[in-house]
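Worksheet: one structure, shown below.
The values are calculated or read from the model by the stated rules, or taken from the named source; none is laboratory data. In this text the structure is predicted, and so the values were computed from the model without any measurement. Glycine gets a Cβ as well: all are built from the backbone with ideal geometry, and neighbour counts include every protein chain shown.
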Amino acid sequence: MPKLVEMDTSVTFFEQMNEKGGPVVLINTFTMNSEDVDRFLKAWTADAEVMKRQPGFISTQLYRGIAGSTVFVNYAVWESTQHFKDAFWNLEIQAQLRDYPSSVAGSPHLFRKAAVPGICVD
């Protein structure tokens, strides 16, 4: 099971799941020992297969740091926080967490677009 490392110490991932609204983007950064990369990819793929069948799922993309890095970032888009929360607590997903290598640490966090005048819109 991945160790949970909060991305923001002022608001927990579980507190974020209680906020209503959408859409939301999950960004989850994973770190691990180099010998666990293949097992991590297998476990993540199994999770992604379940997640993409859940109501409210829009898309996901996994990124890996370059030059042999063992840091991965998952970027997933959901219609709402509630859709993501329901999928996260899905019993099949919860059972699969034990398939992750013990060296894996995950830092999940939920985001919404932010507006910056003249640069980007929400």
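When region 1-36 is examined, which residues are found to be part of a strand (DSSP E or B) and of a type in the set (S, T, N, Q)?
So in region 1-36, the residues part of a strand (DSSP E or B) come out as 3-4, 24-31.
Once the filter is applied, which keeps residues that are part of a strand (DSSP E or B) and of a type in the set (S, T, N, Q), region 1-36 yields 28, 29, 31.
Testing residue 98 on (1) at pLDDT below 95; (2) in contact with a strand residue (DSSP E or B) (Cβ under 7 Å, 6 or more places away or on another chain), one condition comes back false. Which one is that?
Every condition holds for residue 98 apart from (2).
Looking at 28, 33, which is the one that is under 20 Å from residue 15 (Cα atoms) and not small (Gly, Ala, Ser)?
Values: 33 fails: under 20 Å from residue 15 (Cα atoms).
When all the criteria are applied, what remains is 28.
Restricting the search to region 102-119, which residues are touching a strand residue (DSSP E or B) at 6+ places or on another chain (Cβ under 9 Å) and either in a loop (DSSP other than H, G, I, E, B) or not hydroxyl-bearing (Ser, Thr, Tyr) (or both)? So that I can check it myself, show each step before the final result.
Keep residues of region 102-119 that are touching a strand residue (DSSP E or B) at 6+ places or on another chain (Cβ under 9 Å), which gives 102-114.
The answer is 102, 103, 104, 105, 106, 108, 109, 110, 111, 112, 113, 114.
Being of a type in the set (S, T, N, Q) and over 14 Å from the mean Cα position of the chain (by Cα) is the filter; apply it to region 65-79 and report the residue that is nearest to residue 2 (Cα to Cα). Break it down stepwise before answering.
At the first step, the residues of region 65-79 found to be of a type in the set (S, T, N, Q) are 69-70, 74.
Now restrict to residues that are over 14 Å from the mean Cα position of the chain (by Cα): 69-70.
Working: 69: 18, 70: 14 Å.
Filtering first and then ranking leaves 70.
Select from region 44-76 the residues that are assigned to a helix (DSSP H, G or I), among the hydrophobic types (A, V, I, L, M, F, W, C) and under 15 Å from residue 108 (Cβ atoms) and list them in ascending order.
Here is the first cut: in region 44-76, the ones assigned to a helix (DSSP H, G or I) are 44-51.
Going one step further and asking which of them are among the hydrophobic types (A, V, I, L, M, F, W, C), we end up with 44, 46, 48, 50-51.
Selection gives 44, 48, 51.
How about region 18-56: which of its residues are over 12 Å from the mean Cα position of the chain (by Cα) and among the hydrophobic types (A, V, I, L, M, F, W, C)? Lay out the reasoning, then the answer.
Here is the first cut: in region 18-56, the residues over 12 Å from the mean Cα position of the chain (by Cα) are 18-23, 31-43, 45-46, 49-50, 52-56.
Of everything in region 18-56, those that are over 12 Å from the mean Cα position of the chain (by Cα) and among the hydrophobic types (A, V, I, L, M, F, W, C) turn out to be 32, 37, 40, 41, 43, 46, 50.
Inspect region 56-72 for any residue being touching a Lys or Arg at 6+ places or on another chain (Cβ under 7 Å) and touching a residue at least 60 places away in the same chain (Cβ under 8 Å) and give the result as yes or no.
No, that holds for no residue.
Would you be able to tell me the number of residues in region 47-94 that are touching a Gly at 6+ places or on another chain (Cβ under 6 Å) and either closer than 20 Å to residue 35 by Cα or loosely packed, with under 12 Cβ neighbours inside 10 Å (or both)?
1
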